[in-house]
Amino acid sequence: MKIFKRISLLISILFSITVQSQEAVRTYLADEGLVPRERQVDYQNLTLNIEFDAEKGKVYGKVKHSFIVLREELDSLRLDGIKMTYNKISLDGKEVKYKADDKGLSIYPEDLIWDSKHNLEIEYEAYPKRGIYFIGWKDTTGRSRKQIWTQGQGIDNRHWIPMYDEKNDKVISEIIVAFDNKYKVLSNGKLLKTKDIGENKKEWQYKIAHPHAPYLIMLGIGEYEIARTKSKSGVPLQFYYYPDQPEQYEPTYKFSVEMFNFFENEIGVKYPWETYAQIPVQDFMYGAMENTTATIFGDFYLIDGRGYLDRNYVRVNAHELAHQWFGDMITARDGASHWLQESFATHYDMMYQKEAFGQDYFDWVRKGYNEQALEASKLDLKPIAHSGAGTVRHYPKGAFVLEMLKYVVGREQFNAAIKYYLEKHAYGSVDSKDLLVAFHERLGYSLDWFWEEWVYKGGEPSYKVEFERQANAASFHVKQTQDLKALTSLFKMPIVFEIHFKDGTTLSKKVMVEEQSQRVDFQIEEDKEIDYYLFDPGYQIMKAVEFDKPTSILKEQAKKAENVLDRHAAIEELISREFDNKDEFLLERYKEANFQAIKAEVLAYFVPKLTAQSIELTKEALKDKDVEVRKAVLANTYRIPEELEPAYRSLLLDSSYVVIEDALRMLFFYYPFHAKEYLKLTEGLNGNRSHNIAIEWNRVAYLSTKQDKYIHQIVDYCSNSYEFLTRVKAAEVLKELNYLDEAALANLLDASFSFNSRLVKPVRNVIDHFYEQEVYKKMIINYVASKDWDEREFRRVNSYLIP
């Protein structure tokens, strides 16, 4: 018995050693998104004829699906379709049995043969609440823009087209739209023809050349002008803008042609579609959407030259364009692979930001992405290859991971592997392993270790670094201090170590850091004096790091490090320390800085001090040509002494709409007796799409004069005559002023019925603010009780019927 126990123990130990010594270990977190939805048939073509009653929000459609049977036995087909009325359904020209419910349509064909091809036609009507949106048709004043536009991602096109609405199938779509001829109509692919069909109506016929996922089918209808040009490779490009705002065309679409040419060259694969258009729409609930050949974006990005300073379209423009390859040409097979779309689009928009705005700007974006990833890991450790990973991991973290992959294999080899990956899977579906295999097949690299730590597992490395100098040697001691759990282990990454000397020479090593504790040694001449030293210069690795350095070393790093992130990190740490001539040193850094983030860091230290020295710096900074520096002053202003009032007043004539708004609010707070002068300087300015200056102007005018016409204008800005950002800003001012009348309440409740959560959530908070006050509660209850609401509206307002 004892012998048997010893043998069992020995076997157990050997098994344990064997398991622990294995390198190829894959750890998965449970994820329903790993498995794509099953398909019964392969849909090949989708042809849609569609008309609208825009005022009623009604769709009249006839859709034809061509499909191939995928299974030996098939007794029913299931299509998605939300709350539709079906007038006629036929299969291969013959009526077919079907059963409809609020979620879709089950069709019961007879004798479908495996691999056979069929045509299914459906005539239907619908009042969609999602997927397609009718903008401005209920504005009784006629001031709102009138538009119809769609948003299909993730699975919302099923609300206006009965279809198989999942990303793991692809179709060639053909969209034929009949509508009022005074409007422009955009859909996917090439405009084959238009024709007048009488009664002031016109028909537009669009068809795409290659298969794409159903969620990418789109429509955009409205009154537009179109600027047309071509890329270097000859692809037709169309840029839609509002006819009454032609000055917004150039600033909005700045760099559009250049980025198109850049991506074709950098990606190495020709643009995969026949044309490309972009169209702004009102009340869009996201930033933009990469519909195949036809990007929709929120018209808050439609900006003039001054608006460009505050919020330009360049990053989003690049992001959606990159999606035409990553997401549209090749599409994630399942939810767990969604990062292959968003991370790539974010990665390439980062690259174009570097082209447009420079290396420092690019590095500062990477720093922000690193910080976002670390914050997300405090909540959970989901990997980027998980359907529930969340926005931070699918977008910024995934983009940084791809940048690190490029750092590991080199830019040219990265580009070669990506070209191979795209061409191998063109117009198909992919998952995370497909990308891994592409790097192996094209370059021969086995990068499973990289996928394991950065794609399939979560978290980020946390390094504690120490530096030691001996007579003729120096050493970096590196420890990985992150918690080692099922989804986070030790990281293996090539990291650069640098030592810079007073004589201007440098020693550098790139070392694969993979142990929990690791030492990197340098041999140096005994008489060489060290200036400063760096661990991962330029912050190439996503990480948290603790590296305590002497003040003297940090000062040299702040002055001399090549990368802006290394200089900024030193200045940030130095601000928290006390040392001789600190203010003079920091002022020198400000004057030498050529990037706004370093100036902003120094201003955050000086502006609140209000010493003679800081006041002079504030005056200088308020004249800086970089708007971000001027904004940094405002962000750190807690008091405006009389000596500085003229300098701040000058901001009321600034080129930035945001600066004017913030300066007006701040000046009125500190110097209300100058309100009349401030209002005169800013009179007639609307500001950006959200009417930011006009709303603030009316707030100041109301508070300083108590004239009702100003508060009534703010109430009007809450109405459905305006887009959602204006309504939100006006609603928040009503809350601040604690003002509510029946017209304001009507506008707020109307806003609360919107499909756009970016309007609904803040407006509901404003209504709740008033409802909590007895003086307003009765008004709200009486108003809600006196109106007739439809079922959907009543669900939104019934909570306000409880005393």
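Rounded to the nearest whole Å², what accessible area per residue is found for the chain with the 1.4 Å probe?
Numbers: 35830 Å² over 803 residues.
Result: 45 Å² per residue.
Two numbers describe the Cα atoms of region 574-658: Rg and Dmax, which are 12.6, 40 Å. Would you work out which of Val41, Ala731, Ser704 lies farthest towards the positive end of the dipole of the chain, given +1 charges on the beta-carbon of Lys and Arg and -1 on that of Asp and Glu, about the Cα centre? The Cα lying farthest towards the positive end belongs to Val41.
Please give the contour-minus-distance gain from Gln707 to Tyr671: 0.36 nm per residue of separation, less the Cα-Cα distance, rounded to one decimal in nm.
Details: separation 36, 0.36 × 36 = 12.96 nm, distance 1.96 nm.
So the extension gain works out to 11.0 nm.
Centroid-to-centroid, using Cα positions, region 459-512 and region 143-177 are 51 Å apart. Applying a length cut-off of 24 Å (Cα extent along the axis) and a mean Kyte-Doolittle floor of 0.0 to the DSSP H helices of the chain leaves 2-21. The label-point distance for Val511 and Asn798, in a model that sets each label 7 Å from Cα toward Cβ, rounds to 6.7 nm.
So what is the diffusion coefficient of region 251-406 in µm² per second by Stokes-Einstein at 37 °C and 0.692 mPa s, using a Kirkwood Rh over Cα pairs? Could the numbers behind the result be given before it?
Details: Rh = 16.1 Å.
For the chosen part, D equals 204 µm²/s.
Where the centre of each part is set by its Cα atoms, how far does region 553-622 sit from region 730-762, in angstrom? Here the two parts' Cα centres lie 43 Å apart.
In the chain, the DSSP-assigned H stretches of four residues or longer account for a calculated mean residue ellipticity at 222 nm of -11500 deg cm²/dmol, using -39500 (n - 2.57) per stretch and the full residue count as denominator. Ranking of Phe669, Phe535 by solvent-accessible surface, largest first: Phe669, Phe535 (1.4 Å probe, protein heavy atoms only, all chains present). With a cut-off of 19 Å on the backbone N, the residues of region 164-183 near the modelled label site 7 Å out from Trp137 along Cα-Cβ are 176-183.
Rule-of-thumb check for region 468-618: C-alpha Rg over 2.2 N^0.38 Å? Walk me through the numbers on the way to the answer.
Details: Rg = 17.7 Å, N = 151, 2.2 N^0.38 = 14.8 Å.
Normalised Cα radius of gyration, region 468-618: 1.20.
Remark on Gly104: its backbone amide H falls under 5 Å from those of Gly81, Lys83, a criterion applied only to residues 5 or more positions apart or on other chains, H modelled at 1.01 Å from N. Per-residue 3J(HN,Hα) values for region 291-298, derived from phi via the Karplus relation 6.51 cos²θ - 1.76 cosθ + 1.60 with θ = phi - 60°, read 3, 4, 6, 8, 6, 9, 9, x Hz in sequence order (x marks Gly and Pro).
Close amide-amide hydrogen proximity is noted between Ile330 and Tyr427, each under 5 Å apart and 5 or more residues distant or on a separate chain (H modeled in the peptide plane; Pro and chain starts excluded). Rounded to the nearest 0.05, what FRET efficiency do His477 and Glu441 have when you use their Cβ-Cβ distance and R0 = 35 Å? Given R0 = 35 Å and the Cβ-Cβ separation, E is 0.35. Since only Thr618, Phe326, Leu120 are under comparison, the one whose Cα sits farthest along the positive direction of the charge dipole of the chain, derived from C-beta charges on Lys, Arg, Asp and Glu, is Leu120. Under Stokes-Einstein, with the Kirkwood radius over Cα pairs as Rh, the value for the chain at 25 °C and 0.890 mPa s is 81 µm²/s. Per-residue extension of 0.36 nm, minus the Cα-Cα distance of Arg469 and Arg758, leaves a gain of 98.5 nm for this segment.
Between Met779 and Asn563, the simple label model (points 7 Å from Cα in the Cβ direction) yields a spacing of 5.7 nm. For Asp531, the residues whose modelled amide H falls within less than 5 Å of its own, excluding neighbours fewer than 5 places apart on the same chain, are His500, Phe501, Lys502.
So, with +1 on the Cβ of K and R and -1 on the Cβ of D and E, and no other charges, what is the size of the charge dipole of the chain about its Cα centre, to the nearest 20 debye? Intermediate values should be presented prior to the final figure.
Details: 107 positive and 124 negative charges, 209 e Å.
Charge dipole, the chain, about its Cα centre: 1000 debye, nearest 20.
Only Lys, Arg, Asp and Glu carry charge here, each on its Cβ (+1 for the first two, -1 for the last two); on that basis region 291-418 has a dipole of about 300 debye about its Cα centre.
In the context of the full protein assembly, Tyr420 retains an accessible surface of approximately 70 Å², using a probe radius of 1.4 Å and ignoring ligands and nucleic acids. Averaging the sequence gap over all C-alpha pairs within less than 8 Å and six or more residues apart, then dividing by the number of residues, gives the chain a relative contact order of 8 percent. For region 649-655, putting each phi into the Karplus relation 6.51 cos²θ - 1.76 cosθ + 1.60 with θ = phi - 60° gives couplings of 4, 4, 5, 5, 10, 5, 6 Hz, in residue order, rounded to whole numbers and with x for Gly and Pro.
Using a 1.4 Å probe on the protein chains only, how many percent of the accessible area of the chain belongs to carbon and sulfur? C and S atoms contribute 48 percent here. Packing around the peptides 741-750, 69-78, 395-404, taken as the average count of other Cβ atoms within 10 Å per residue, puts them in this order, highest first: 395-404, 741-750, 69-78.
How much length is gained if the chain between Lys582 and Leu70 is pulled fully straight, taking 0.36 nm per residue apart and subtracting their Cα-Cα distance, in nm to one decimal?
On the way: separation 512, 0.36 × 512 = 184.32 nm, distance 7.36 nm.
That works out to 177.0 nm of additional length.
Computed from the Cβ-Cβ distance with R0 of 41 Å, the FRET efficiency linking Lys354 to Asp521 stands at 0.75. Once all protein chains are placed together, Ser757 keeps about 60 Å² accessible to a 1.4 angstrom probe. For Ile197, the solvent-accessible surface with a 1.4 Å probe is about 80 Å², rounded to the nearest 10.
Express as a percent, rounded to the nearest 5, the fraction of DSSP beta bridges in the chain (both residues included) that run antiparallel.
On the way: 102 of 123 bridges.
Of those bridges, close to 85 percent are antiparallel.
Cross-link partners of Lys709 among lysines, defined as those whose alpha carbon lies under 30 angstrom from its own and excluding same-chain residues fewer than eight positions apart: Lys138, Lys146, Lys676, Lys680, Lys729, Lys735, Lys761, Lys777, Lys778, Lys787. In this simple spin-label model, placing a label point 7 Å from the Cα along the Cα-to-Cβ direction at both Asp42 and Asp92 gives a separation of 1.9 nm.
The values are calculated or read from the model by the stated rules, or taken from the named source; none is laboratory data. Every value quoted in this text rests on a predicted model; they were computed, and no experiment measured them. Because the Cβ atoms are built from the backbone with ideal geometry, glycine has one as well, and the counts that use them run over all protein chains shown. Surface areas here come from the heavy atoms of the whole protein model, side chains and all, with no ligands, DNA or RNA. Shrake-Rupley method; radii C 1.70, N 1.55, O 1.52, S 1.80 Å.
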